[in-house]
Structures are given as structure tokens and as C-alpha cells.
Amino acid sequence: MRISRRAQAVAPFYAMEFGKHASALEAQGHRVVKLSLGEPDFGAPPAVRDAMRQAMDGRSMAYTAALGLPALREAIARFYWERHGVEVDPGRVVVTAGASAALVLAAAALVDDGDEVLIADPSYPCNRQIMESFGARVGLVPTTAASRFQLDAASLRGNWSGDTRGVMVATPSNPTGTSVPGDELAAICDLARERGAWRVVDEIYLDLADHDEHGRPPAGVLSFDPDAFVINSFSKYFGMTGWRLGWCVVPESLVPAMERLAANYFLCASTPAQHAALACFTPESLAVCEARRAEFGERRAIVLDGLERIGLPVPVPPDGAFYVYFDVSGTGLTSWEFCERALREAHVGLTPGKDFGLRTADTHVRLSYAASADDLREGIERLGTFLAGLGA
């Protein structure tokens, strides 16, 4: 059977590949410390789990509207106002089958064959893979520690071409856990808007970003660019990994196209998951999520202190998400070799930089501190022993 060129062009998702190898080691009886995947170990807040049990009591579960359950779209819009001080029309909120489905809809709605889309290198691999599947030519813009491994207006201007039709930014970012400063993000959006280009902003980790000195959460891109296409998820801040529920906020002019695309591609997101997700926005659940955000900060400190102690430098400390991007070039191993040997010899699962782009493919490794504090300490100790063995 002939396989399409599109399918052949899609690269493996190496984080998942290393996850499979870790599971195979576990099946052989080994204890593996998994620090490779961005899966919060908390699970959904208790009220959300209770709401799911109630929704799954045997009642009939019909499809919702293609754009999502109206009550959930209203709850998401209210969350933007109460949490971030941004007024969003619920009619612009589209509930999706995970953030990945939101990105598929964005690509389908915005990209034509040959359009260039500028994305930071490093960045989350699926973002560029999905764009390319819809015919985009992805321009990976090299970044450095000086720019926090993020796009800035200067690098965007220097890489702009006559074919550039859009820009995709993730803040905070996977794999680096770093955010684009608000004034820089505004400059990026201004530049793209002035040149008639769309802006897709991945804010999946926005609510896991550090608060400012006054204890205020970041406002997000909609506070200064209401026509940005924003992607978000219930998987990270709300801990609903595996529930496959996300959302996007789109310009009003795109809503009819999004409805047509969503109905044809997915019909709708999971009905019981949507009903259960309403419980995310209660004071009880939000307090749980905030306590977990604080705990991620404590876990980050464990990892940063531990990596420094064992001699693995972190060029830019993260300020959000739950990832640390550290430099292994001083070990004499490529990032792939480091991750392979760390898994095989120390039974610690990590993700090589090859997943995230070109510039840091061989030099950097991503560690996810979504695991428990005990697992993080154990993983760091194992890596320290592994490094000591390399030196010997």
C-alpha cells in the first residue's frame, strides 16, 4: 500500500519514543524514573473527577455543538476575565479535542500551500509538524540563551520573507519553560499584524507561569492583540492529561470557518469531558490548581539545584511550565547519546533536543519536573552517578 508523502514526512515524536522504551524496561522489572513526558502526576482536581463520575452514570450522551458546550465556552470566557483581566466573547471560544485539535483547526483555517510560518528553534515538534501537514513551509528561527530561547521582534524581522504569512509563538515554551516578556510579545504581534500576518500563540502553560512581584498572573496575548489566535488546554494547569480537551480563542471573523472545520474533522470534543470540565472553574478546583502551581515551583528548585550540583548547566532557568532545558555538551555525548545511555544505564527517562529543532538538537536535553518531588530527587541522584561513571 502506498503511504502518502505527508505521512512519510512526519518525524517521530521522540519524547513518546523514549517513553515507550522506558515502559519496555519497566516490563522487564526495572524501576524507571520517567522525567521525559509533560504529564502532571496530580491528575484532575477532585471536583472534576466527581463531575465525570456523575456524567458517566449511564445517561445518554449526545454530541454537543461543534464549537463546544455553551456553558463551558462561557466558563472559559469568564476565566479570562476573572483570572487575566481580559474580556473575551464566549462566541469566540472553540472547545476542542485537546490542544492538538485546536492547532489542527488553526492550520486548516489559516494555511495555504507554500505559506511560510515562522516558529522558534527550539519549539514543540507537533506545532511545526501539523503546520507542515497542511502545506506550510516552516521557517525555524534560531534562538539563543540571550533571547531566552524565544522569538523576538528583531529575529522575526531578520527572518521575514515575501512568503511569510504567519507566526507561531509558545509562551511559556515547551521545551525550555521560558516565557516571552510581555513587551517583546507585543512587539512581535505588532510586527506581524503590520505585515498582514496571522499570530498563533500557544498559551497551554500560561497559567503555570510565575506571577509578578505583586502576585498577579500574566495577562496573556489577548490583553494587547485581540485578534491573535490563542491555543490552550485542560491538560497542564488543570491536570487533565489524557482527557483530550482543549480550547482556542479565535478572531470573530474566523468563527464560521472554525465551526465548519470542527464539525467535519471532529464533530465535537468529548461530551462527558466537557461536562466534567465545568467543575474546573469552581473556587475549590482553582484553589487546588494554584496549590499545585506553587508545588511545581518547589519541584523546579529541586531540579535546578540538583542539576547545578551534578554539573549539568541550565542556560536559562524556566519561569513557567514544568520543563528544564539543560546543556550536555560538556559530557562529550550528544543529547541523543546522553538520553539513550541515561535510560539504559541509569534508568532515567529524558528527551533529547532532537525533538525540538536543529540548533540545540545535539547539545540540550529536556527534563520534565511534572513528576513527584521524590522521583525528581531520585532521578537527579541517578544522573549524578551516571555522570560520575562517564568521568571515570
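The values are calculated or read from the model by the stated rules, or taken from the named source; none is laboratory data. Not measured: the values here are computed from a predicted model. Note: ideal-geometry Cβ built from the backbone for every residue, glycine included; neighbour counts use all protein chains shown. Protein only, heavy atoms only, side chains kept; ligands, DNA and RNA dropped before computing areas. Shrake-Rupley method; radii C 1.70, N 1.55, O 1.52, S 1.80 Å.
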Distance in nm between residue 129 and residue 284 label points, each 7 Å along Cα→Cβ, equals 3.8 nm
Extend 7 Å from the Cα of residue 341 along its Cα-to-C-beta direction; within the range 368-392, residues with backbone N under 15 Å of that point are 383-392
How large is the Kirkwood hydrodynamic radius of the range 16-64, in angstrom, based on all distinct alpha carbon pairs? 14.1 Å
Using a Gaussian network model of the chain with C-alpha springs under 10 Å, which one of 347, 30, 21 is most mobile by mean-square fluctuation? 30
In nanometres, what is the gap between the two model label sites at residue 213 and residue 390, each 7 Å from Cα along Cα-to-Cβ? 3.9 nm
Students sometimes get this wrong: rank 236, 20, 354 by accessible area, probe 1.4 Å, all chains present, largest first. 20, 354, 236
Identify which of 276, 11, 263 has the largest mean-square fluctuation in a Gaussian network model of the chain, with springs joining Cα atoms closer than 10 Å. 11
For the range 94-213, what is Rg from Cα atoms divided by 2.2 N^0.38 Å, rounded to two decimals? 1.00
Extension gain, residue 186 back to residue 56 (0.36 nm per residue minus Cα-Cα distance, nm): 42.5 nm
Tell me the label-point distance for the pair residue 65, residue 11, using the 7 Å Cα-to-Cβ offset, in nm and rounded to one decimal. 4.0 nm
Report the full-extension gain for the segment residue 23 to residue 302: residue separation times 0.36 nm, less the Cα-Cα distance, to one decimal in nm. 97.9 nm
Expressed in nm to one decimal, what extension gain is obtained for the pair residue 309 and residue 264 from 0.36 nm per residue of sequence separation less their Cα-Cα distance? 10.9 nm
Relative pair counts by distance (%), Cα atoms of the range 193-342, 5 Å bins: 2, 7, 12, 15, 16, 15, 12, 10, 7, 3, 1
Check the straight Cα-Cα distances from residue 20 and name the aspartates and glutamates below 13 Å, setting aside those fewer than 8 residues away within the same chain. 340
Mean projected area, convex hull of alpha-carbon positions in the range 273-365, reported to one decimal in nm², is 8.1 nm²
Quick one, what does Rg over Rh come out to for the range 9-158 if you take C-alpha atoms and the Kirkwood Rh? 1.03
Treating each Cα of the chain as an identical point scatterer and ignoring solvent, apply the Debye formula and state log10 I(q)/I(0) at q = 0.13 Å⁻¹. -1.13
The base-10 log of I(q)/I(0) that the Debye equation returns for the range 1-44 at q = 0.21, 0.30 Å⁻¹, one scatterer per C-alpha, is -0.78, -1.06
Student exercise, the chain dipole from Lys, Arg, Asp, Glu Cβ charges, in Debye to nearest 20: 1040 debye
Pop the C-beta distance of residue 195 and residue 30 into the FRET formula with R0 = 35 Å and round what comes out to the nearest 0.05. 0.10
I need two numbers for the range 225-287: Rg to one decimal and Dmax as a whole number, Cα atoms only, in Å. 13.4, 37
For the chain, what % of the accessible area comes from carbon and sulfur atoms, probe 1.4 Å? 51 percent
Accessible area of the chain divided out per residue, in Å², using a probe of 1.4 angstrom: 42 Å²
Structure-based [θ]222 nm, the chain - -39500 (n - 2.57) summed over DSSP H runs of at least 4, per residue, nearest 500: -12500 deg cm²/dmol
Hey, could you pull the Cα Rg and Dmax for the range 160-221, both in Å? 12.9, 43
Taking +1 at the Cβ of each Lys and Arg and -1 at the Cβ of each Asp and Glu, which of 4, 14, 98 sits farthest along the dipole of the range 1-98 towards its positive end, judged by Cα position relative to the Cα centre? 4
